[in-house]
Amino acid sequence: IGTPVPAAVTPPPSPSEGKQFDVLQHIRSIPRKQLVKATAVVMLLAALALLWRGFRPIYSPAIVVGEIRSESESVPSGLVEFVLKRALAQFPSITVMDAREFARALEVEQARRALARGQDLGWKRYLNFDFVRRLEPSKPALMISGQVRESVTGLELQMDYEQRGTKGSFVVPFSSSEVLLSSVIDSLAQRVLRLYEPETAGGSAAVKPASQLLTQYWDALQHYWRGVQAWNRLEIGLADREIISTLQIDPSFALARVTLAELRTFQERWDEARNEILAAQQSTEGLTEVDRLRIDALLARVSSRPFEERKHLQKLIEALRDEMKQYG
């Protein structure tokens, strides 16, 4: 008699397998219409998640210096933002604009992207979700504005900022407009750089002070600022008088020399323009790289060298284009 063969014993299902079986059984018991609706809801939620991701703000790598108002007669409204922009202009890797310039650059960028989208063919424009992101207006990585007001100890500057969606403010006290120019603007520029990109703000030795990029005399600065405003409005007589007053106070004001050279060129007073350019070149520490390119192009113009002027203008355009690439 042979030995009986024991019957095969099926092992009991593990807890995890049991749960999976229960889930499958539950899914099979759901009516087909409800299952289709649930699937559609899941797909809709996924599409909404993609759209939300596409419409999140895109922060352009730029600093926008907004309006800095003033309640004090000793500090005219608009002058602080003008000096701050000049202090930040020494960093060619950082794009600094005012609100109007940023809005204009945004319009140009949106037009360029719209043209690029129009060139997409067939289903390509729908399969590429990046086109959704392009529809969202860009915002600057850092936008600052502020107000100068009188305080018990003298004056104070309240600065408001928005850094990639995070808002904040701080107050800088100072005793006079001269202190504002000699030290407050420099510390403010450093703080703005740290807000924008901490690793960009190097040591103070690597940063030129505002008094070097402009002038150490507050009266000369006010005359120059009024002259620039008049020049922008093509009020030539007023601009001429204000810039001349500037240089009478501070003959070493290099940027004022450059502006006066532009005025003289506009007036076709070539020899005087050339003399102003040569004088500006003696104060290289007060000029930025863009200033030097402007001077080279201007000198070529007053010297009747059009091909050389074109070459320098091309370099200037390339420098400005590099800034705009960082913006876009």
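Here are a few things to note about the model shown:
- Over 27 Å apart at the Cα level, from the set LYS85/LYS315; LYS167/LYS315; LYS208/LYS315, are LYS167/LYS315.
- Calculated FRET value between ALA89 and VAL152, using beta carbons and R₀ = 30 Å, to 0.05: 0.30
- Potential extension, VAL36-SER72 segment - 0.36 nm per residue separation minus Cα distance: 6.1 nm
- Per-pair calculated FRET efficiency, R0 = 22 Å: ARG100 and TYR59 via Cβ, rounded to 0.05: 0.70
- Surface analysis of segment 252-304 yields an accessible area of 45 Å² per residue, using protein heavy atoms and a 1.4 Å probe.
- Computed over segment 212-255, the quotient of the alpha carbon radius of gyration and 2.2 N^0.38 Å is 1.04.
- Segment 217-302: Rg to Rh, with Rh as the Kirkwood radius over Cα pairs: 0.94
- Taking 0.36 nm per residue of sequence separation and removing the Cα-Cα distance, the GLN281/GLU107 pair yields an extension gain of 59.0 nm.
- Chain lengthening between LEU234 and ARG164 when straightened (0.36 nm per residue, less Cα-Cα): 21.5 nm
- For segment 175-269, alpha-carbon Rg over 2.2 N^0.38 Å: 1.26
- Contact order relative to length of segment 205-328, as percent, for alpha carbon pairs under 8 angstrom and 6 or more apart: 19 percent
The values are calculated or read from the model by the stated rules, or taken from the named source; none is laboratory data. What you are looking at is a predicted structure, and each value in this text was computed from that prediction instead of being measured. Here Cβ is always computed from backbone atoms with ideal geometry, including for glycine, and neighbour counts include all displayed protein chains. Ligands, DNA and RNA are stripped out before the accessible areas are found, and what is left, the full protein with its side chains, is counted by its heavy atoms. Shrake-Rupley method; radii C 1.70, N 1.55, O 1.52, S 1.80 Å.
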